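Visitor: Mind looking over this structure? Questions follow.
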Amino acid sequence: MALVESRGLHLYLRTLEAAVEDEIVTDDEMSILSVIAGAFALPADVMSDAWVALRNSGENPIRAESALEYESRQMGDATTYQTALVAALIDEVITEDEWAMLDVMRRVMNIQPDEHALIEEAVRTMAANSENGDSFVNRLDRYVTLHPYH
């Protein structure tokens, strides 16, 4: 199936690019990619086609002139980013690729510092009501320390 140019596909490709820097896509990275695919109603087989496009053995459907337009702020971006952030924080180990994927999402979705602060606060509140909330918050603190929002 050929990939169809869209904002969701652009975000997916940019995030997948961060995930495959080490040539491996882990289950945790797949969780983040699944959040994006679901949020943007991408086809179920998007991963295989996107992988081909990234490896230049297929044609990347995102035109250069469209990329800037796709990186403008859209309704629902903060929620999608928050869901991906939670997916990354749920397990005990967070890889550098996961951090990089979240950073890509933040930049592409143009999440502003005040929005990021609200997302962080919502995640902390959610963690306070969960069984492993302390370790969850510790991972969030590490993320915010290592990848501060500028």
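The values are calculated or read from the model by the stated rules, or taken from the named source; none is laboratory data. This is a predicted model, so every value here is computed, not measured. Glycine also receives a Cβ, built like all others from the backbone with ideal geometry; neighbour counts cover every protein chain displayed.
Visitor: Being within 14 Å of the chain's Cα centre (by Cα) and part of a loop (DSSP other than H, G, I, E, B) is the requirement here; does ILE111 meet it?
Guide: Details: within 14 Å of the chain's Cα centre (by Cα): yes; part of a loop (DSSP other than H, G, I, E, B): yes.
Here the answer is yes, as ILE111 does meet what is asked.
Visitor: Okay, next question. Sort out which residues of the range 3-26 are surrounded by 19 or more Cβ atoms within 10 Å (Cβ to Cβ) and touching a residue at least 60 places away in the same chain (Cβ under 8 Å), and write them in order of number.
Guide: Once the filter is applied, which keeps residues that are surrounded by 19 or more Cβ atoms within 10 Å (Cβ to Cβ) and touching a residue at least 60 places away in the same chain (Cβ under 8 Å), the range 3-26 yields ARG7, HIS10, LEU11, ARG14, THR15, ALA18, ALA19.
Visitor: When you check GLU29 against the structure, is it touching a residue at least 24 places away in the same chain (Cβ under 8 Å) and over 30 Å from ASN132 (Cα atoms), yes or no? Talk me through it step by step, then tell me what you get.
Guide: Working: touching a residue at least 24 places away in the same chain (Cβ under 8 Å): yes; over 30 Å from ASN132 (Cα atoms): no.
In short, no.
Visitor: With the requirement that a residue be surrounded by 14 or more Cβ atoms within 10 Å (Cβ to Cβ), of a type outside the set (S, T, N, Q), modelled with pLDDT under 85 and over 20 Å from ASP22 (Cβ atoms), what does the range 49-84 give you?
Guide: Passing the criteria: only GLY58.
Visitor: Also: Residue by residue through the range 14-55, note down the ones that are aromatic (Phe, Trp, Tyr) and either within 15 Å of ASP103 (Cα to Cα) or not in a helix (DSSP H, G or I) (or both).
Guide: Correct list: PHE40 only.
Visitor: Hey, could you check the range 60-75 for residues that are among the aliphatic types (A, V, I, L, M) and part of a loop (DSSP other than H, G, I, E, B) and say which is nearest to the chain's Cα centre (by Cα)?
Guide: MET75
Visitor: Would you mind finding the one in ALA127, ALA117, ALA78 that is within 24 Å of ALA37 (Cβ to Cβ) and hydrophobic (A, V, I, L, M, F, W, C)? Even if it seems obvious, please write down each step before you answer.
Guide: Numbers: ALA127 fails: within 24 Å of ALA37 (Cβ to Cβ); ALA117 fails: within 24 Å of ALA37 (Cβ to Cβ).
Sole residue among the options that is within 24 Å of ALA37 (Cβ to Cβ) and hydrophobic (A, V, I, L, M, F, W, C): ALA78.
Visitor: Does VAL144 count as buried (at least 16 other Cβ atoms within 10 Å of the Cβ) and either touching a residue at least 12 places away in the same chain (Cβ under 8 Å) or among the small types (Gly, Ala, Ser) (or both)?
Guide: It is false that VAL144 is buried (at least 16 other Cβ atoms within 10 Å of the Cβ) and either touching a residue at least 12 places away in the same chain (Cβ under 8 Å) or among the small types (Gly, Ala, Ser) (or both).
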